Amino acid sequence: MVQAQPYLKTFEDFLAYTEAADAYYELTNGDLIEMPPESYENIRRALNLYEIFKVLIDAQQICPQGLALAMPGQPKNRYPGLTVLRPEHPEQMQVLGQAAITLDMEPPLLVVEVVSPGPENRRRDYVDKRNQYEWRGVPEYWILDPVVEQVTVLVLTEDGYAETVFSGEEMVKSPTFVSWSLTAAAMLAT
C-alpha cells in the first residue's frame with residue numbers, strides 16, 4: 001500500500017516530517033518536492049570553500065550541504081551548497097535538534113550556491129534563490145557558475161542586492177570576509 005504524502009503547512013511541520021528522511025526535500029505550497037542529488041563536482045567546490053573558510057572562522061559556523069534554511073515565500077526552505085552561520089547558530093540548532101535555520105533566527109552571514117548545468121538550475125540560482133535570500137535578509141550571497149566561469153557576489157544594501165561579477169584570475173572580494181583571498185578560477189576549480 002502506498003502511503004499518501006501529508007500536506008505540510010509550516011517549516012516546523014516540514015522539519016518534523018523530514019527529520020528521518022533519506023533525501024532532501026523542499027516544501028512548496030504544502031507539498032514535498034524531492035531535490036536531485038548534487039553533482040560530484042559541485043560538492044567538491046563546496047568542500048574546497050569549506051576548507052578555506054576553516055582557516056578564517058570557527059569551523060562550527062560552516063555548513064557544507066544539508067542545512068535546511070527556512071525561507072519566506074515558496075518553497076519554504078532551501079539547502080544551500082555552503083552556509084556560513086552566525087556565531088549563535090550552532091547552539092540554536094542544538095536546541096532545535098536539527099541542522100536548520102528557522103525564520104525566527106537571524107539569517108546566516110553567507111549563502112553559497114554552485115549552479116548546475118541547465119536553464120532551470122540557472123534560473124533557480126540567479127532569480128528564485130536570489131530573491132528569497134534577499135527577502136530573508138542574507139547579507140551576502142555568492143553564486144559560483146562553472147558553466148560561464150564566473151563568481152557573482154551579491155551584497156545586501158538598503159536597495160536590495162548589489163552585484164559584482166568576478167572571473168578568471170580576478171580576486172573575489174567580500175565585505176563580510178575581508179581576508180578572503182581566492183580568485184574566481186580557484187573558487188570554481190574542483
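Tabulated values for the structure
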read-out: Some residue of the stretch 95-118 being over 26 Å from Phe14 (Cα atoms) and either touching a Cys at 6+ places or on another chain (Cβ under 8 Å) or not polar (S, T, N, Q) (or both); value: yes
read-out: Members of the stretch 26-48 that are open to solvent by less than 40 Å² (accessible area, probe 1.4 Å) and not polar (S, T, N, Q); value: Glu26, Leu27, Gly30, Leu32, Arg45, Ala46
read-out: Answer from Val178, Val148 - the residue that is out of contact with any Pro (no Cβ under 6 Å at 6 or more places or on another chain) and either within 23 Å of Arg44 (Cα to Cα) or outside any loop (DSSP other than H, G, I, E, B) (or both); value: Val148
read-out: Exclusive hit being closer than 17 Å to Ser179 by Cβ, exposed (fewer than 14 other Cβ atoms within 10 Å of the Cβ) and over 15 Å from the mean Cα position of the chain (by Cα), set Glu88, Glu51; value: Glu51
read-out: Residues that are basic (Lys, Arg) and open to solvent by less than 10 Å² (accessible area, probe 1.4 Å), drawn from the stretch 65-85; value: Arg78
read-out: Sole residue being open to solvent by less than 50 Å² (accessible area, probe 1.4 Å), touching a Pro at 6+ places or on another chain (Cβ under 8 Å) and among the hydrophobic types (A, V, I, L, M, F, W, C), chosen from Leu156, Leu110; value: Leu110
read-out: Among the candidates Arg136, Arg130, residue that is farther than 23 Å from Ile43 by Cα, crowded, with 19+ Cβ neighbours inside 10 Å and not polar (S, T, N, Q); value: Arg136
read-out: Of all residues making up the stretch 151-175, the number that are hydroxyl-bearing (Ser, Thr, Tyr) and part of a loop (DSSP other than H, G, I, E, B); value: 1
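The values are calculated or read from the model by the stated rules, or taken from the named source; none is laboratory data. These numbers were taken from a predicted model, which means no experiment stands behind them. With ideal geometry, Cβ positions are generated from the backbone for all residues, glycine too; neighbour counts draw on all protein chains shown. We work out accessible area using only protein heavy atoms, side chains counted, and drop any ligands, DNA or RNA first. Shrake-Rupley method; radii C 1.70, N 1.55, O 1.52, S 1.80 Å.
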